[in-house]
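The structure appears right after this line, and notes come after that.
Read-outs: derived from the displayed coordinates by stated rules, not from any lab. The shown structure was predicted, so the numbers you read here are calculated from the model rather than taken from an experiment. So basically every Cβ, Gly included, is an ideal-geometry build from the backbone, and we count neighbours across all protein chains shown.
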Amino acid sequence: MEHKQLDQFPKDFLWGSASAAYQVEGAWNEAGKGISVWDEFVRIPGKTFKGTNGDVAVDHYHRYKEDVALMKEQGLKAYRFSVAWTRIFPNGRGEINQAGLQFYINLVDELIKNQIEPVLTLYHWDLPQVLQDEYQGWESRKIVEDFTNYATVLFEAFRGKVKYWVSLNEQNIFISHGYLMASHPPAVSDPKRMYQANHYANLANASVIKKFHEMGMPGGIGPSFAYGPNYALDSDPKNVLAAEDSEDLNAHFWMDVYLFGKYPIAAMKMLNEQGLAPTIEVGDEELLAAGKPDFLGINYYQTNTVVFNPLDGVGLGKMNTTGEKGSTEESGLPGVFKRVENPFVERTNWDWEIDPEGLRIGLRRITSRYRIPVLITENGLGEYDKLTDDKEIHDDYRIDYLNRHVHAIREAITDGVDVLGYCTWSYTDLLSWLNGYQKRYGFVYVEQDEKQDGSLNRYKKDSFYWYQKIIQENGSNV
Ligand code: BG6
C-alpha cells in the first residue's frame, strides 16, 4: 500500500552497524585464545577465496579504540559485535581465560563511554575446535550445556552494561553450509545429520534464552535469522506452492521454532516421510517453548524467487565466491523448488539480488505471523571499492543501496511494524568468510587484501558521511 505520509523513526531508534569476531579481530592465537573451527577450516586448501584467513583480519583486536572513535565521530547509536567463545574458554569449557574476557570488557566500556549501545552476539560461527573434536560440536546434545555455560559467564560479566543480546547468528546459514553444502566447517554433506545438528542448535538457543530470563537479566535477547523472503516467479499455482514450500523449509523451519516452539507442519511431514526428521526427545518441546525471544534479529540481504522443481530437477549448485557476475550455478531442492532470477531486480557482482521492498515484505510477514519486535541486525552491500589517490572512496552504489533499504524500513514502520533498530553490515571492511577481503561492506575502508599485507589503515568512505547525516536527522529525510 502507498501511504500519503510516512511515520517518523522512533526517537530511540538504534542506528547501528555490525561485525563478527572472526571477521575483524585477528590476533587469532593471542592472550590465551583457543583454536576455533574456522581457524582450522581456512587452512584446508581450496576452502576460501585465494586461501584467505582471519589470522590478522582487520586487526580490530589491537585497533578497537580507533574503530570506536570513528563510530563516535559518525554518531553511531549501536554497535553489534560477537564474542569469540575461544577467547573466553580456549577449550570450550573449564577455566575462564581472564585475558580474553578482558578484551570484551574493554570494548564494552569503550562503547559505553562513547554513548554507543553494545549489541552482543554470543555465537557467530567460531566454535571451539576442541568441542568439535571431542563430541562433534553441534551434532551432540552436549553442546547445549557447554553453550549455556559459556553464555552465563557473559551474562554475569555484562549484566546491566549490555542490554541487547543476540543468541545464535544465522543458525540457518551455519547449519546448512556446515552440514549440507559442506562449504563451512565441519564440511559435511548429509541432510539427516544437518537436521539433527539443527535440532541441537535450536535447543541450545532456547536454553540460553531461558537462562537469560531466569537470571532476570535487564534488556532483551533473541536470535538473528538470515531471512530471505520467498517469491513465486509468477502466478502459476505450481510456482506459488513452490514458494510456500520454500518459505516453510527455509524460513518457518527456524522462525516457528524460535517463536512458537514448534516445527512447521508440512515441512516436518515431508522430512518424516524421507527419514530426515530429527529425533526429538522427551522434554525438548518444553525447552523450545520455554526459550521465547524478546525480539527477533533479522539479517536481510535479498529475496529468493522460485519455481516448481520436478523430482528429477536440479539439486545444489555452487555459489559465486569470486565476484565474477553471473557465475552462480542453478540450485534447487528436487520435487520442491528451484531458485530463478527475479526479472524485476538488479544483482551485485556476487549475484545477490538488490530488493529493498523485500525487506518491507519480510518485516510485514514476521509481524503478521509472530507479532514480535524486530531488530535488523544486518543489511548491506558487498562490493568492490576503490581507494583513490586522495585516499577517498566514492561508494555511491552503497549509499543508494542503504538509502533504499532505510526507506523500506520507514515504510514498514508506517505499516505498523515494530522495528527497534538497524545495524548495517558492516562497520569496517572485514573478511568475508568465503569471499576474501575484496568483497567490501564497511563504512570504513580498511587497507587489507587477499595477500594480507595491507597497511590496515582506516579511511572513511562517502557512505560514512551519508549515514552520519541519516543519524543526525533520525532518518526524517529518507
Ligand atoms: C551474513 C553473516 O551471512 O552475511 C556475515 O552473518 C557475513 O558474517 C554476511 O559476512 C555477508 O555475507 P558474505 O558471504 O558476503 O560475507
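Cross-link list LYS142/LYS292; LYS163/LYS192; LYS4/LYS461; LYS33/LYS65; LYS4/LYS469: which exceed 32 angstrom alpha carbon to alpha carbon? With Cα atoms farther than 32 Å apart: LYS163/LYS192; LYS4/LYS461.
Quick one: putting +1 on the C-beta of Lys and Arg, -1 on the C-beta of Asp and Glu, what dipole do you get for the range 58-158 around its Cα centre, in Debye to the nearest 20? Let's see the in-between values first.
Numbers: 10 positive and 15 negative charges, 51 e Å.
Its charge dipole is roughly 240 debye.
Taking every alpha-carbon pair under 8 Å whose residues sit at least 6 apart, the chain reaches a relative contact order of 17 percent.
Dipole check for the chain: with +1 at the C-beta of Lys and Arg, -1 at the C-beta of Asp and Glu, and the Cα centre as origin, the magnitude is about 820 Debye. Mind checking the log10 I(q)/I(0) for the range 349-389 at q = 0.17, 0.24 Å⁻¹? Debye, one equal scatterer per Cα, no solvent, two decimals. The computed values of log10 I(q)/I(0) come out as -0.63, -0.92.
Ordering ALA57, THR428, PHE295 by Cα displacement along the dipole of the chain toward the positive end leaves PHE295 in first place; charges were set at the Cβ atoms of Lys, Arg (+1) and Asp, Glu (-1).
Suppose the Debye formula is applied to equal point scatterers at every Cα of the range 43-128; what is log10 I(q)/I(0) at q = 0.11, 0.13, 0.14, 0.23 Å⁻¹? Those come out to -0.38, -0.52, -0.60, -1.18, one per q. Between ASP449 and GLY454, the built amide H atoms are under 5 Å apart, and every one of these is 5 or more places off in sequence or on another chain.
If the viscosity is 0.692 mPa s and the temperature 37 °C, what Stokes-Einstein diffusion coefficient in µm²/s follows for the range 151-240 when Rh is the Kirkwood radius over Cα pairs?
Details: Rh = 15.3 Å.
My calculation gives 214 µm²/s for D.
Relative to its residue count, the range 1-51 spans a Cα convex hull of 190 Å³ per residue.
Here's the picture: charge each Lys and Arg Cβ at +1 and each Asp and Glu Cβ at -1 in the chain, and of VAL306, SER476, TYR441 the one pushed furthest to the positive end of that dipole is SER476.
What's the longest piece of the chain with no exposed trypsin sites (Lys or Arg not before Pro), counting a site as exposed if DSSP puts it in a loop and it has at most 12 other beta carbons within 10 Å? Intermediate values should be presented prior to the final figure.
Values: sites that count: LYS4, LYS11, ARG43, LYS318, LYS325, ARG371, LYS386, LYS391, LYS451.
Between exposed loop sites, the widest span is 44-317.
Calculate, in whole percent, how much of the Cα-Cα pair population of the range 297-348 lies beyond 13 Å. Show your work: numbers first, answer last.
Values: 859 of 1326 pairs.
Cα-Cα pairs in the range 297-348 separated by more than 13 Å: 65 percent.
Given +1 at the Cβ of Lys and Arg, -1 at the Cβ of Asp and Glu and no other charges, the dipole of the range 174-261 around its Cα centre is 500 debye to the nearest 20.
Counting only helical runs of four or more DSSP H residues, what would the 222 nm mean residue ellipticity of the chain come to if each run contributes -39,500 (n - 2.57) and the total is spread over all its residues? Walk me through the numbers on the way to the answer.
Working: 16 runs with 182 residues, N = 478.
After summing the helix terms and dividing by the residues of the chain, the value is -11500 deg cm²/dmol.
Extent of the range 145-202 along its three principal axes (Cα atoms, max minus min coordinate, largest first): 41, 19, 15 Å. Beyond 18 Å, what percent of the Cα pairs of the range 209-320 remain? Counting pairs separated by more than 18 Å, the tail of P(r) holds 62 percent.
Here the label points at ASN272 and GLU330, each 7 Å from Cα along the C-beta direction, are separated by 3.3 nm in the simple model.
Free of any GluC sites (Glu not before Pro) that DSSP assigns to a loop and that have at most 12 other C-beta atoms within 10 Å, the longest stretch within the chain is 96-280. According to the Cα-based calculation, Rg over Rh for the chain is 0.93, with Rh computed by the Kirkwood formula. Ordering MET268, MET215, SER235 by the projection of their Cα atoms onto the charge dipole of the range 204-289, which places +1 on the Cβ of Lys and Arg and -1 on the Cβ of Asp and Glu, puts MET215 at the extreme positive end.
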